[in-house]
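Report on one structure; see the data block that follows.
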Amino acid sequence: MKKIFFLAVLVGAMSVAPSLVMSSEVGPETIDMKAEFKVEGAKQAVIFPHRQHQAKLACGKCHQSPQGGDDLIVEFVNKTGSGNDFHKKFCWPCHVEMEVPKGKSCSTCHK
Ligand code: HEC
Ligand code: HEC
Ligand code: HEC
């Protein structure tokens, strides 16, 4: 019985998937921030969970356009060291404002 239920869920998910792919405007599920913004440094790439953020936040919280996509609300100029603009101007202020648990802990973003 469990198997049949699982199959039904799987088929259901498969029929939903194409419509998600077709609306390309949602952007990627996750984003390798190091590669995307050509950051140099010894730390492992931060993989930003884009889809998870979309589920909780309006696109305009991060993108200039309320529909999302295109430019972000910040430009990353300083990309080195711990005082970089990702921390100071983007990820950290919102995590503090929204009281994300361990939102400034290194291991939350750097795995
Ligand atoms: C909310 C997410 C987040 C947290 C928390 C965070 N970082 Fe980062 N960090 C980033 C992002 C995004 C980048 C830029 C992309 C990348 O390097 O992958 C970055 C880049 C860096 C860089 C520059 C790149 C490099 O490889 O040298 C250093 C150094 C760094 N972080 C150190 C830290 C330290 C130390 C902590 C804990 C105090 C920390 N980070 C916490 C998101 C975070
Ligand atoms: C918490 C911040 C955040 C939120 C909220 C967010 N995004 Fe993004 N989004 C990003 C980041 C960071 C990137 C990667 C940077 C880039 O591609 O310019 C990105 C990239 C994208 C891209 C790819 C753009 C490109 O040039 O390749 C699309 C499309 C996109 N987002 C759409 C959306 C939509 C639609 C929403 C709302 C439903 C949304 N985003 C919400 C942070 C966010
Ligand atoms: C505009 C607000 C906002 C910005 C900007 C933002 N975040 Fe977040 N972030 C959140 C919220 C809200 C949560 C809690 C989401 C949840 O509970 O599902 C979160 C949670 C996370 C988590 C934890 C996910 C988990 O499964 O526990 C990671 C990792 C993360 N963010 C990385 C980043 C990185 C990296 C950046 C910058 C590139 C960033 N965030 C920028 C609002 C933001």
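Residues whose amide H comes within less than 5 Å of that of His63, counting only those at least five positions distant or on another chain, are Ile73 (H built at 1.01 Å from N in the peptide plane). Listed by chain and number, the lysines whose alpha-carbon sits under 17 Å from that of Lys89, ignoring those within fewer than 8 places in the same chain, are Lys34, Lys61, Lys79, Lys104. For the peptides 74-82, 87-95, the ranking by mean Cβ contacts within 10 Å, running from highest to lowest, is 87-95, 74-82.
For Ile31, the amide hydrogen comes within under 5 Å of the amide hydrogens of Phe48, His50, counting only partners 5 or more places away or on other chains and with H modelled in the peptide plane. Electrostatic tally near His87: other residues with Cβ closer than 11 Å to its Cβ, Lys and Arg +1, Asp and Glu -1, net +3. Seen from every direction in turn and averaged, the convex hull around the alpha carbons of segment 65-111 projects onto 4.1 nm². Within straight-line reach of Lys111, meaning a Cα separation under 15 Å, sit the following aspartates and glutamates at least 8 residues removed in sequence or on another chain: Asp32.
For segment 27-109, the equivalent ellipsoid derived from the alpha-carbon gyration tensor has semi-axes of 19, 16, 13 Å in decreasing order. The value given for segment 38-78 is a Kirkwood hydrodynamic radius of 11.9 Å, derived from the mean inverse Cα-Cα separation. According to a simple spin-label model (label point 7 Å from Cα along Cα-to-Cβ), what is the distance in nm between Glu75 and Ala45? If labels sit at Ala45 and Glu75, their model points lie 2.5 nm apart.
Rule-based calculations on the coordinates, nothing more; no lab input. Computed from a prediction, not measured in an experiment: that's the story for all the values here. Cβ sites come from the backbone with ideal geometry, for glycine too, and all protein chains shown count toward neighbours.
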